[in-house]
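Here's the structure we're looking at; comments come further down.
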Amino acid sequence: RPPTCRGAHPARARSQPSRPMPISKTALLAMTFAPLCSGALRVMAMRKPVAVARMASARAAVRLAGTPFASKHRVTSFDMDSLVSARAPEDYTDRRTKIVATLGPASFDEPMIERLIRAGVNVFRLNSSHRQGGQFEALVPMIRAVSARLGRPVELLGDLQGPKFRCATVQNEPMRLEPGSTVALALQSSPDEPCAGGRIVLARTAEQEAMVRGLEPGMTVKLDDGAMRLRVSNRPNPDELRCVVEVSGGLKSRKGINVPDLQIACSALTAKDIEDATFLLTQDLDYIALSFVQKAADIQELIDLMGQQGIPADRRPKIIPKIEKPAALRNIDEILGLADGLMVARGDLGVELGLERVPFFQKVLISKANAAGKFVITATQMLESMISAEVPTRAEVSDVANAVFDGTDAVMLSGESAVGVNPPEAVATMGRTIVEAEMYGDVVSPSI
């Protein structure tokens, strides 16, 4: 199998001691980050100074000394002619950073698999959340056959769903939650009880029982990807909580529930995960992703399952925990100590943390994975608009490039390749963006 961590990665190369050396105009850009402090974290900038060749003309340089920008970044100068004239290599499949593409209804057939490989996919993601009987059994050999025929190796990543927390069916949806009102959050009194009359109910699964019984007064409960927010006020009985509505909205059936303040006392592997993992472990995958990891013991559960399946250590897929909860951030060092990498899963992480906090913790997680020599994937909504459009937004392209500058080993497509209008173009767009960003990888360092 190809190595998953490449010692030549710009982020790792930059972390090694070096002395400034002259560089040619093709290096194009130089910037150094002054130490950054963020409260008690006191995170130091990890990038080294890069010397820049003298300019042929003073007018060719843009000097920012003495400005607020320079006081933070210490930019020296830009050779604007070289910057504008530079061109990335035409082969956007020849790069260090990998592209992970999620398979779905738009990409399940063999002709599309071939187009995606030709466009530059390095890893195919099999999402167990939508697994149907016989589907993966057909996909895995198909991918391997196409890969062999094209002479382009690709890897496979199986993604386990993990514990999900959802409300039951809503009677007369949407159920309106008014600001300042009090609602109940409870386990169902019967299997068919709906959400109604200011009462939000959940099915009695082991995971949801652990969540309801673990919540305490003052904790936050988010509904429907954070569209609505509750605050726990009191507990009338073990199976029910009273909550005050802080952010109002209309609740619909089967919407997700997040509890960012709680480390839930439940297994990371549900009964469905064990069933899915048991199958995936027979397919000789390269990676297996574990959802909603909170602590190292969650990783150990999957390691133990591999042992129970009798899989030799040298044939086991690399374990990639998806970092989606504040508890995982607090326990990240012990998680990385046992796992083979991590995924910056920005979807649920944004709901749990708050969207505005995700960019900083993306940099922290990538930095920690780089320092540990572990494989890191940056995921979620990277080219989201390409689900329905042929061209991405400028912000999305910047997002992909900045992940490369941060030091990610891979970037991931989700809906763009699973249900998008043109999955190969989404892959090609990502590839072109990566190649362009890698041109500047040794000198551009907007990371911590």
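The values are calculated or read from the model by the stated rules, or taken from the named source; none is laboratory data. A quick note: this is a predicted structure, and the numbers were derived from the prediction, not measured. As a convention, Cβ positions derive from the backbone with ideal geometry for all residues, glycine included, and neighbour counts pool all protein chains shown. The protein model used for the area step is the full one, side chains on, heavy atoms only, and it has no ligands, DNA or RNA in it. Shrake-Rupley method; radii C 1.70, N 1.55, O 1.52, S 1.80 Å.
Checking each residue in region 270-280 for being aliphatic (A, V, I, L, M) and surrounded by fewer than 21 Cβ atoms within 10 Å (Cβ to Cβ) picks out ALA271, ILE274.
Residues that are surrounded by 17 or more Cβ atoms within 10 Å (Cβ to Cβ) and within 20 Å of LYS98 (Cα to Cα) do occur in region 345-360.
Sub-6 Å Cβ pairs linking a first residue in region 274-298 that is under 18 Å from HIS130 (Cβ atoms) to a second residue that is of a type in the set (Asp, Glu) and assigned to a loop (DSSP other than H, G, I, E, B), at least 6 apart or interchain, are PHE292/GLU324, ordered by first then second residue.
This table checks each residue for (1) charged (D, E, K, R); (2) touching a strand residue (DSSP E or B) at 6+ places or on another chain (Cβ under 7 Å); (3) farther than 30 Å from LEU281 by Cα; (4) open to solvent by 30 Å² or more (accessible area, probe 1.4 Å).
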position: PRO174; (1), (2), (3), (4): no, yes, yes, yes
position: SER190; (1), (2), (3), (4): no, no, yes, yes
position: GLU209; (1), (2), (3), (4): yes, yes, no, yes
position: VAL212; (1), (2), (3), (4): no, yes, yes, no
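All of (1) in contact (Cβ under 8 Å) with a residue 60 or more places away in the chain; (2) assigned to a helix (DSSP H, G or I); (3) in contact with a Pro (Cβ under 9 Å, 6 or more places away or on another chain) hold for VAL140 with one exception: (3).
Could you list, in sequence order, the residues of region 128-145 that are modelled with pLDDT of 85 or more and open to solvent by 10 Å² or more (accessible area, probe 1.4 Å)?
Correct list: SER129, GLN135, GLU137, ALA138, PRO141, MET142, ARG144, ALA145.
ILE366 - would you say it is in contact with a helix residue (DSSP H, G or I) (Cβ under 6 Å, 6 or more places away or on another chain), assigned to a helix (DSSP H, G or I) and more than 30 Å from ARG204 (Cα to Cα)? The answer is yes for ILE366.
With respect to the conditions (1) over 24 Å from ASN331 (Cα atoms); (2) open to solvent by 30 Å² or more (accessible area, probe 1.4 Å); (3) assigned to a loop (DSSP other than H, G, I, E, B), GLN263 lacks only one, and its number is (1). Based on this model, can you work out whether VAL154 counts as open to solvent by less than 70 Å² (accessible area, probe 1.4 Å), in contact (Cβ under 8 Å) with a residue 60 or more places away in the chain and among the aliphatic types (A, V, I, L, M)? Spelling it out, it is not the case that VAL154 is open to solvent by less than 70 Å² (accessible area, probe 1.4 Å), in contact (Cβ under 8 Å) with a residue 60 or more places away in the chain and among the aliphatic types (A, V, I, L, M). Hey, can you tell me all the residues within region 304-336 that are assigned to a helix (DSSP H, G or I) and surrounded by 15 or more Cβ atoms within 10 Å (Cβ to Cβ)? Result: LEU305, MET306, PRO326, ALA327, ALA328, LEU329, ILE332, ILE335, LEU336.
Filter region 236-255 for residues that are part of a strand (DSSP E or B) and crowded, with 16+ Cβ neighbours inside 10 Å and give the result. Result: GLU240, LEU241, ARG242, CYS243, VAL245, GLY249, LEU251.
Tally up the residues in region 407-423 that are in a helix (DSSP H, G or I) and buried (at least 24 other Cβ atoms within 10 Å of the Cβ), please.
The qualifying residues number 3.
Residues that are open to solvent by 20 Å² or more (accessible area, probe 1.4 Å) and among the small types (Gly, Ala, Ser) within region 368-391 comprise ALA371, ALA372, GLY373, SER385, SER388, ALA389, listed in sequence order. Cβ-Cβ distances below 8 Å connect no pair with a first residue in region 430-441 that is free of Cβ contacts under 8 Å to residues at least 24 places away in the same chain, a second residue that is part of a helix (DSSP H, G or I) and open to solvent by less than 30 Å² (accessible area, probe 1.4 Å), and a separation of six or more residues or different chains.
Screening ALA268 against (1) in contact with a helix residue (DSSP H, G or I) (Cβ under 6 Å, 6 or more places away or on another chain); (2) at pLDDT 95 or above; (3) closer than 18 Å to LYS325 by Cα; (4) of a type in the set (A, V, I, L, M, F, W, C) leaves a single unmet condition, (2). How about region 146-173: which of its residues are farther than 30 Å from LEU290 by Cβ and at pLDDT below 95? Listed by number, the residues that qualify are ASN172, GLU173. If you check VAL391, VAL358 for being over 19 Å from ALA88 (Cα atoms) and in a helix (DSSP H, G or I), only one passes: VAL358. For region 143-185, the set of residues classified as closer than 20 Å to ASP239 by Cα, among the small types (Gly, Ala, Ser) and in a strand (DSSP E or B) consists of ALA184 only. Taken as a whole, the condition of being open to solvent by 10 Å² or more (accessible area, probe 1.4 Å) and under 13 Å from GLY256 (Cβ atoms) applies to ARG166.
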